[in-house]
Amino acid sequence: MDALLAQHLLNWLVLGSIYTLIALGFSLLFGVLDVIHFSHGDVSMAAPFVALAAIQAVAAWAVPLTGTGALLLAILISMAAIGLLGVLLDWLVIRRFRAAPAMMALVATVALGTVIRELIRTLYPQGSNPKPFPAIATDVIRLGDIVVPVFSLIVIAVSVLTVIALFALLNHTPVGVRIRAVAEDRAVARLMAIRPNRIFAVTFFIASAVGAVGAVFFVSHAGVVRFDYGVQLGLIGFSAAVIGGLGSMQGAILGSLLIAGIDMLVQIAVPDGASYRLVFIFLLVIGVLVLKPSGILGKPVFEKV
Amino acid sequence: MLEMERVCTSYGPVPMLRDVSLRVGEGEMVCLLGPNGAGKSTTFNAICGLLPADSGTIRIAGRDVKEAGPERLASLGVGFVPEGRRLFPTLTVRENLRLAFDAARNPGLDFEDRLAKMSALFPRIEERLGQGAGTMSGGEQAMVALARALIGDPRLVVMDEPSLGLSPRLISEYFQIVARIRDEGKAVLLIEQNAETALSIAERGYLLIRGQIAISGASETLLKDDTIRHLYL
Ligand SMILES: Nc1ncnc2c1ncn2[C@@H]1O[C@H](COP(=O)(O)OP(=O)(O)O)[C@@H](O)[C@H]1O
Ligand SMILES: [Mg+2]
């Protein structure tokens, strides 16, 4: 195979994996809560800041952990912290809009995203400036002409494992069955002694923790993090979930791979394509929605009502 | 087992139930009749705590439903068959039944035991356990919905038009099973439009018209009642 083509394919899988980790959260939250959680990108993007702080804390305590080890520990810490942040936001804000029209919840989560960004900017030391983010791994493996960064392998492997774990959780554990029950019929789930608010908390934890990994990979890939990266990442993840069909986990994966594909093609084929990748992504979203308003794998909206 | 006292509910500004009182004693089978739109499902939703009453009280096994909340009713010994079955469509039959079994928290019951009992009552369930509930026929879903209400061995079963949409042959099969549940000593509140069938297996009945109990009494009396004859027979 052409080495350049192989390189592009690898990059496509890396981008697709990162987008998947974000899109899954959008789709899961929508499927279970019927809420488009527009601040999901910003919540996730708080993770790299937690990770940076955790790395510094680890270093300050002179724990003999450096490089990949310290970073992985920092990622675990940020997953837990961002998972809890998601639960907290649901409890503080989104819970108040359970009975409200969908538009209200949407406006609330958009506003929430702004609040999170501004809080990071104000509270994090020199929060307005871009911060270098360490590479999770810098080694490369050479296969003939093809250079395979270990980082790419980590991203793909972790994403695949996360997806498998999420599917196993939803389909084969008591809590997963309850999450699906609440997603399908909240009222009857209550008659089955399931408390929807608890299920929402669990769902928020899962979606936000998975998003945290996606955001850390995203900035580690870029080498830098900024307080407002969550906007772009959120838009991409949301678009992927919409294309695939909000509420469908398989759809989120498919949508992410499609968007990553467009993203790659634009950057390769269009001069200065990186600056208007979002334009092409939104064209794809509009195209899919015109042909199939519920997304590629989404159920027609009336089935859910 | 179930007591409703002067319950009023409304949808927004529109009043729906007005001073509805009814009771179902231990081991008693009672039906609630009424034409379309009379407020039967509204009554069902009030009983299961999903629709809060504006005034009046509802008690199940002595507990106030408003205080207990819908999540605790199964453990008080109630099984529900909501209108339209409302199984969880992408969950398997087994998962649907398992959720209801866990909800009942009935100590001393074993899930596999109860599953075997349900399979004996509904012969077609066993081969469908691994199948998505939404992929079954309407008749099969009706049976699973009843099995879901029964699997925790409740003392009271509340059903909202459970036979709606079934073929005449399935309806008679269905009500034979309902009669068997009654004979086992479970209390049953059967909400039905089909007055003749309901009154033929229930001991007593209530007729709901435009949100109010219009008539109530023993089944034999109601079968002879002019309003009911006029409405249904
Ligand atoms: N969620 C709701 N909001 C507003 N009105 C409702 C709602 N549910 C039912 N209704 C109205 O209340 C009336 C009684 O409905 P229902 O209790 O379902 O009747 P039944 O089960 O006896 O056919 C109907 O006129 C119906 O349109
Ligand atoms: Mg009804």
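The values are calculated or read from the model by the stated rules, or taken from the named source; none is laboratory data. It should be emphasised that the depicted structure is a prediction, and the values quoted were computed from it without experimental measurement. When we count neighbours, we look across all protein chains shown, and the Cβ atoms used for this are built from the backbone with ideal geometry, even at glycine. What goes into the accessible areas is simple: the full protein's heavy atoms, side chains included, and nothing from ligands, DNA or RNA. Shrake-Rupley method; radii C 1.70, N 1.55, O 1.52, S 1.80 Å.
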Need pairs with beta-carbon distance below 7 Å; first residue within 14 Å of chain A (Cβ to nearest Cβ) and within 6 Å of ligand 1 (Cβ to nearest atom) and within region B:30-51, second part of a loop (DSSP other than H, G, I, E, B) and open to solvent by 10 Å² or more (accessible area, probe 1.4 Å); sequence gap 6+ or separate chains. B:41/B:83; B:42/B:16; B:42/B:51
Could you list, ordered by first residue, the pairs with Cβ atoms under 8 Å in which the first is in region A:179-191 and more than 7 Å from chain B (Cβ to nearest Cβ) and the second is part of a loop (DSSP other than H, G, I, E, B), at least 6 apart or interchain? A:182/A:194; A:183/A:247; A:189/B:88
Exactly one of these conditions fails for residue A:136: (1) surrounded by 16 or more Cβ atoms within 10 Å (Cβ to Cβ); (2) assigned to a helix (DSSP H, G or I). Give me its number. (2)
Sort out for me the helices (runs of 4 or more DSSP H) sitting completely within region A:178-291 that have 1 or more residues that are under 21 Å from the mean Cα position of the chain (by Cα). A:196-222, A:229-244, A:249-269, A:277-291
Could you say which residue among A:111, A:137 is among the hydrophobic types (A, V, I, L, M, F, W, C) and touching a Phe, Trp or Tyr at 6+ places or on another chain (Cβ under 8 Å)? A:137
Pairs returned, first residue in region B:6-28 that is free of Cβ contacts under 8 Å to residues at least 40 places away in the same chain, second residue that is assigned to a loop (DSSP other than H, G, I, E, B), beta-carbon separation under 6 angstrom, 6 or more apart or interchain, are none
If you take the residues of region B:72-100 that are more than 7 Å from chain A (Cβ to nearest Cβ) and of a type in the set (Gly, Ala, Ser), which of them is most open to solvent (accessible area, probe 1.4 Å)? B:84
Does any residue of region B:121-136 turn out to be in contact (Cβ under 8 Å) with a residue 40 or more places away in the chain and within 10 Å of chain A (Cβ to nearest Cβ)? yes
Which residues, counting only those in region B:70-86, are within 16 Å of ligand 2 (Cβ to nearest atom) and part of a strand (DSSP E or B)? B:80, B:81
Select the strands (runs of 3 or more DSSP E) contained entirely in region B:125-233, then report the ones holding at least 3 residues which are modelled with pLDDT of 95 or more. B:156-160, B:187-192
Of all residues in region B:1-29, which are assigned to a loop (DSSP other than H, G, I, E, B) and either touching a Gly at 6+ places or on another chain (Cβ under 7 Å) or within 16 Å of ligand 1 (Cβ to nearest atom) (or both)? B:1, B:9, B:12, B:13, B:16, B:17, B:18, B:19, B:27
Exception for residue B:162 within (1) open to solvent by less than 60 Å² (accessible area, probe 1.4 Å); (2) under 21 Å from residue A:189 (Cβ atoms); (3) more than 16 Å from ligand 2 (Cβ to nearest atom) falls at (3)
Any residue in region B:101-112 that is within 13 Å of another protein chain (Cβ to nearest Cβ), within 16 Å of ligand 1 (Cβ to nearest atom) and under 26 Å from residue A:194 (Cβ atoms)? no
Restricting region B:183-196 to residues that are surrounded by fewer than 20 Cβ atoms within 10 Å (Cβ to Cβ) and within 15 Å of the chain's Cα centre (by Cα), the residue that is nearest to ligand 1 (Cβ to nearest atom): B:193
Which one of A:226, A:277 is out of contact with any helix residue (DSSP H, G or I) (no Cβ under 8 Å at 6 or more places or on another chain) and crowded, with 16+ Cβ neighbours inside 10 Å? A:226
Please go through region B:54-71 and pick out each residue that is under 21 Å from residue B:24 (Cβ atoms) and facing chain A (nearest Cβ under 10 Å). B:69, B:70
Let me spell it out: the conditions are (1) open to solvent by 50 Å² or more (accessible area, probe 1.4 Å); (2) within 14 Å of chain B (Cβ to nearest Cβ); (3) aliphatic (A, V, I, L, M), and residue A:170 meets all of them except one. Which number is the exception? (1)
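Conditions tested, residue by residue: (1) within 14 Å of chain A (Cβ to nearest Cβ); (2) within 16 Å of ligand 1 (Cβ to nearest atom).
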| position | (1), (2) |
| --- | --- |
| B:145 | yes, no |
| B:166 | no, no |
| B:174 | no, no |
| B:178 | no, no |
| B:199 | no, no |
| B:203 | no, no |
| B:213 | no, yes |
Hey, can you tell me all the residues within region B:30-69 that are more than 28 Å from residue A:194 (Cα to Cα), open to solvent by less than 20 Å² (accessible area, probe 1.4 Å) and either away from ligand 2 (no atom under 16 Å from the Cβ) or in a loop (DSSP other than H, G, I, E, B) (or both)? B:30, B:34, B:38
